[in-house]
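S.K.: Would you mind keeping the following structure in view while I ask a few things?
Read the figures in this text as sums done on the coordinates, not as results from a lab. Just so it is clear, the model here is predicted, and its values are computed rather than measured. Backbone-built Cβ (ideal geometry, glycine too); neighbour counts: all protein chains shown.
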């Protein structure tokens, strides 16, 4: 006859076991397990414990062994179960994963669960589980574009240097135009949000013209100098530079981070800059708008005020934009650049390797 290993409880374990075995607020399975250990600690045999608690002897043996292995924590969790054998062999799973990553169907640009299931003779639900397990999403695609600017590294050091270590006695501005902002009037009023139902607007609208927003984001305090103009030629850009000139202290140099739009390099703009030597233009590399932080502010005004707005005319649109700038400047948010040139180059290198 096999004798089970004796269970000896510490004072703390005995107090916890007694509390669990007598408590009415604990789950029934935990109460039963505590009663098994309580009786086992008294030296009662497994078959007697099984009769007293009206359970099977293997159940008593199971929880005695679990307690001896894991103590109290072993009683709180269910014993692991072996589970059923997988219907699809591991070799088949590897084949499906490799096919998903390295091949495409003959009649499509990417696999779907149904097309992959047909190709490998399994159910679409099995494909879905495999893709979820290996985090594969053939239906998604992300875009990217690497700059081919021959002076990319030089410009990158210049712009990032302004962010991380701006010159003394100067202000750094991120400057750009948000062109062709449309004054769209929805054909019907917006339906307000209700519990379980988002706000709704009609898909059709009437166009009432456009405006261009010129904006300069102050990297020191987060304020924005902005103006709306009907076009975005070099004449309007010079007029905006004059606005910046009048709204900033005359004893400070101004470093403007701009993109490579032709307006910013126009001969008349160059002449104006020579007459105003405190202005310094710094050009970001081509295809690198992410380097200009005013784009982040443009995203905010589009999301919060323009995209879901309805405007009867351009004048109303301009009033809304100016009101947003005024409100923003009362409690400005400073955008802080943290990425070094080295970290940016590492990410670009990783993209090229993929």
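S.K.: What FRET efficiency, computed as 1/(1 + (r/R0)^6) with R0 = 51 Å and r the Cβ-Cβ distance, is obtained for residue 351 and residue 5, rounded to the nearest 0.05?
M.R.: Numbers: r = 60 Å, r/R0 = 1.17.
For R0 = 51 Å, the calculated efficiency reads 0.30.
S.K.: Could you identify which residue out of 106, 343, 147 has the top mean-square fluctuation in a GNM of the chain using Cα springs shorter than 10 Å?
M.R.: Evaluated over the chain, the most mobile residue of the options is 106.
S.K.: As a test of the definition: which semi-axes, in Å, follow for the stretch 90-133 when you take the square root of five times each eigenvalue of its alpha carbon gyration tensor? Largest first, please.
M.R.: Numbers: eigenvalues 47, 26, 17 Å².
Over the Cα atoms of the stretch 90-133, the semi-axes work out to 15, 11, 9 Å.
S.K.: Given the options 128, 22, 180, which has the most mean-square fluctuation in a GNM of the chain, springs set between C-alpha atoms less than 10 angstrom apart?
M.R.: Top of the fluctuation ranking is 22.
S.K.: Could you work out, for the stretch 152-353, what percent of all Cα-Cα pairs fall into each 10 Å distance bin, beginning at 0 Å and stopping at the bin that holds the largest distance?
M.R.: Calculated over all Cα pairs of the stretch 152-353, the distribution is 8, 31, 32, 19, 9, 1 percent.
S.K.: How much mean residue ellipticity at 222 nm does the chain get from its helices, if each DSSP H run of length 4 or more adds -39500 (n - 2.57) and you divide by all residues, to the nearest 500 deg cm²/dmol? Provide the component values of the computation, followed by the final result.
M.R.: Details: 14 runs with 157 residues, N = 354.
Result for the chain: -13500 deg cm²/dmol, rounded to the nearest 500.
S.K.: Does anyone have the angle between helix 57-70 and the longest principal axis of the chain? Alpha-carbon axes, 0 to 90°, nearest 10?
M.R.: Result, in degrees: 50.
S.K.: Pick the calculated Kirkwood radius over Cα pairs in Å for this structure from (i) 22.6; (ii) 21.9; (iii) 28.0?
M.R.: Answer label, from the structure shown: (iii).
S.K.: Given the Cα-Cα distance of residue 202 and residue 278 and 0.36 nm per residue of separation, how much length would full extension add, in nm? Each step should come with its number before you reach the end.
M.R.: Details: separation 76, 0.36 × 76 = 27.36 nm, distance 4.90 nm.
Here the segment from residue 202 to residue 278 would lengthen by 22.5 nm.
S.K.: Once you place label points 7 Å from the Cα toward the Cβ at residue 56 and residue 287, how far apart are they in nm?
M.R.: It works out to 6.7 nm between the two label points.
S.K.: So what's the gap between the Cα centers of the stretch 260-286 and the stretch 315-354, to the nearest angstrom?
M.R.: 21
S.K.: Using a basic spin-label model with each label point 7 Å from the Cα along Cα→Cβ, how many nm lie between residue 220 and residue 94?
M.R.: Result: 6.3 nm between the two label points.
S.K.: Can I ask one more? With a ≥ b ≥ c taken as the square roots of the eigenvalues of the C-alpha gyration tensor of the stretch 13-79, please select rounded if a/c is under 1.5 and otherwise prolate if a/b is larger than b/c or oblate if it is not? Please report the intermediate quantities before stating the final value.
M.R.: Numbers: a/c = 1.41, a/b = 1.24, b/c = 1.14.
Note, shape of the stretch 13-79 comes out rounded.
S.K.: In nanometres, what is the gap between the two model label sites at residue 266 and residue 295, each 7 Å from Cα along Cα-to-Cβ?
M.R.: Between residue 266 and residue 295, the simple spin-label model gives 2.4 nm.
S.K.: Here's something else I'd like to know. For residue 329 and residue 109, what is the calculated FRET efficiency with R₀ set at 51 Å and r taken between the beta-carbons, to the nearest 0.05? Walk me through the numbers on the way to the answer.
M.R.: Details: r = 47 Å, r/R0 = 0.92.
The value I calculate is 0.60.
S.K.: Starting from 0.36 nm per residue, how many nanometres of slack lie between residue 322 and residue 134 once their C-alpha separation is accounted for?
M.R.: On the way: separation 188, 0.36 × 188 = 67.68 nm, distance 4.90 nm.
The span from residue 322 to residue 134 would gain 62.8 nm if fully extended.
S.K.: Springs between alpha-carbon atoms under 10 Å, Gaussian network over the chain: tell me which of 193, 319, 229 tops the mean-square fluctuations.
M.R.: Sorting by GNM fluctuation, first place goes to 193.
S.K.: Rounded to the nearest 10 degrees, what's the angle between the helix 11-22 long axis and the longest principal axis of the chain, both from Cα atoms, 0 to 90?
M.R.: 90
S.K.: Calculate how steeply helix 314-330 sits against the longest principal axis of the alpha-carbon atoms of the chain, using the helix alpha-carbon long axis, and give the answer as 0 to 90 degrees to the nearest 10.
M.R.: Helix 314-330 sits at roughly 70 degrees to that axis.
S.K.: Taking every DSSP beta bridge that has both residues in the chain, what percent is antiparallel when rounded to the nearest 5?
M.R.: Details: 19 of 29 bridges.
If we restrict to bridges inside the chain, about 65 percent are antiparallel.
S.K.: Can you give the FRET efficiency to the nearest 0.05 for residue 336 and residue 19, using r as the Cβ-Cβ distance and R₀ = 35 Å? All intermediate terms of the calculation are to be shown ahead of the outcome.
M.R.: Values: r = 53 Å, r/R0 = 1.52.
For R0 = 35 Å, the calculated efficiency reads 0.05.
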